[in-house]
Amino acid sequence: MKIKNDWQKKGIKCFLFLYTLLGIMFVVRREGAVPAAEDTAVISSRVQTTDADNYKDVKKVSLTFDDGPHPIYTEQILDGLKERGVKATFFITGSHAEQYPEIVKRIYEEGHVIGNHTYSHMQLKAGNKRKFVKELQETSKVIEEITGQETLYVRPPYGEWDKDLEKELNMFPVFWTVDPLDWCSTDASCVVAEVVGKIKDNDIILLHDEYETTRVASLAIIDQLQQKGYEFVTVDEILFN
């Protein structure tokens with residue numbers, strides 16, 4: 001009986017030892033295991049939420065240039081935009097486009113948006129509506145002959161516009177929210193301060209690419225706003241997003 005009891009005791013001890021060992025192995029495997037499908041889904045959702053939040057934090061702004069192209073300053077501005085990886089929008093006149101078609105072609109080929117600014121920088125008034133329409137149509141034709149693309153956007157000189165023309169011309173008017181009056185300033189730092197001091201998300205900046213002051217100011221504006229977290233986009237991304 002004593003021998004039997006001794007074997008029984010040894011058997012119980014072996015069973016308890018094996019049971020404990022198996023438990024330890026199970027815990028180790030659980031801690032080193034690949035997360036279950038449900039856990040992976042939670043991680044993915046967290047990553048996606050973080051990405052979405054970061055996207056919402058991106059501030060967008062659009063840089064626009066009127067009255068060009070200029071034979072010197074427009075190309076210098078294009079050089080600066082290319083160096084900084086920035087796209088802009090150029091509202092050009094038909095008369096200047098005819099004089100400098102290669103610059104218009106370069107604007108288009110480098111991925112910038114080209115808009116219509118009438119043929120002679122004409123201001124819309126009560127008595128010249130038909131002539132105004134004719135200038136826009138003539139300018140669109142000049143641009144299409146150079147780029148092969150239809151012109152969808154118009155920047156009416158002095159901001160004068162008739163909404164009825166949108167259906168007739170199938171064009172969208174583009175105005176502005178920040179105007180530093182660069183055309184009447186010879187101090188680039190003042191132009192920069194005026195823009196940087198007023199800028200906010202989704203603003204459209206009005207500049208003119210026929211002045212040395214604007215050439216200097218526009219690139220400084222880009223540098224300072226990029227440091228503040230702004231992304232430069234073309235006007236269509238501001239208007240339709």
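Computed quantities for the displayed model
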item	result
Pairs beyond 21 Å (Cα-Cα), from Lys60/Lys141; Lys60/Lys87; Lys125/Lys167; Lys134/Lys163; Lys87/Lys131; Lys60/Lys163	Lys60/Lys141; Lys87/Lys131; Lys60/Lys163
Surface share of carbon and sulfur [accessible, 1.4 angstrom probe, percent] for segment 60-194	49
Loop-located GluC sites (Glu not before Pro) in segment 159-241 whose Cβ has at most 13 other Cβ within 10 Å (DSSP)	Glu160
Length gained when the stretch Leu152-Thr177 is fully extended (0.36 nm per residue, less Cα-Cα span)	7.0 nm
Label-point separation in nm, Phe240 to Gln227, each point 7 Å along Cα→Cβ	3.5
Accessible area expressed per residue, segment 96-173, with surrounding protein chains retained (probe 1.4 Å, Å²)	55
Gyration tensor (alpha-carbon) shape descriptor, segment 135-206, a/c threshold 1.5	prolate
By average C-beta atoms within 10 angstrom, highest first, the peptides 127-133, 67-73	67-73, 127-133
Peptide ranges 201-209, 81-89 listed from the most packed, as the mean C-beta count within 10 angstrom indicates	201-209, 81-89
Residue-wise HN-Hα coupling along segment 104-113, computed from phi with Karplus coefficients 6.51, -1.76, 1.60 (Hz; x: Gly, Pro)	4, 4, 5, 3, 5, 5, 8, x, 8, 8
Extension gain, Lys200 back to Ser120 (0.36 nm per residue minus Cα-Cα distance, nm)	25.6 nm
Efficiency of FRET from Cβ geometry, Cys184 and Glu83, R₀ 25 Å, rounded to 0.05	0.35
Mean Cβ neighbour count within 10 Å, used as a protection proxy, ranking 138-149, 115-126 highest first	115-126, 138-149
Where labels lie 7 Å past Cα in the beta-carbon direction, separation of Glu110 and Glu145 in nm	2.4
Heavy atoms of Trp161 accessible to a 1.4 Å probe, total area in Å² rounded to 10	50
Inter-label distance for Arg130 and Glu168, nm, one decimal - labels placed 7 Å from Cα along Cα-to-Cβ	1.0
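The values are calculated or read from the model by the stated rules, or taken from the named source; none is laboratory data. What you see is a predicted model; the values in this text were computed from it and never measured. Note that we place each Cβ from the backbone using ideal geometry, even for glycine, and neighbour counts take in every protein chain shown. Just the protein is used for accessible areas: all its heavy atoms, side chains included, with ligands, DNA and RNA removed. Shrake-Rupley method; radii C 1.70, N 1.55, O 1.52, S 1.80 Å.
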